[in-house]
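The values are calculated or read from the model by the stated rules, or taken from the named source; none is laboratory data. Note that the coordinates shown come from a computational prediction; the quantities given were computed from them, not determined experimentally. Using ideal geometry, Cβ is built from the backbone for each residue, glycine included, and neighbour counts are taken over all protein chains shown.
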Amino acid sequence: MIANVGAADRAIRVVVGTGLIGFGMYEHGPWLWAGLVGVVLVLTGLFRVCPAYWLLRISTVAGKSASGSGCSRSAPPVNHPSMNRGA
């Protein structure tokens, strides 16, 4: 998968996720879900890929298109010598 989590988003995910993991470890019982959400946030921050962003076609990476491909649809066609064999 292509990175779709930008630098600021990544930092926020890691900081908030680490806090939630600590909270989930400190407050046992029904707050265990907070720790699990924290693990997901930290992992998506470390790997820079968020599956939910991918499904919704969101990218917070600077200079990347919303589709996550990083390519503009109006890019000129590539002219390569191997493409002109028949001409």
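One table, with the values for the structure above:
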read-out: Leading residue by the ranking (modelled with the highest pLDDT) among those in segment 14-68 that are under 13 Å from ILE2 (Cα atoms), surrounded by fewer than 18 Cβ atoms within 10 Å (Cβ to Cβ) and among the aromatic types (Phe, Trp, Tyr); value: PHE47
read-out: Count - residues of segment 1-51 that are closer than 27 Å to VAL61 by Cβ and either of a type outside the set (A, V, I, L, M) or in a helix (DSSP H, G or I) (or both); value: 32
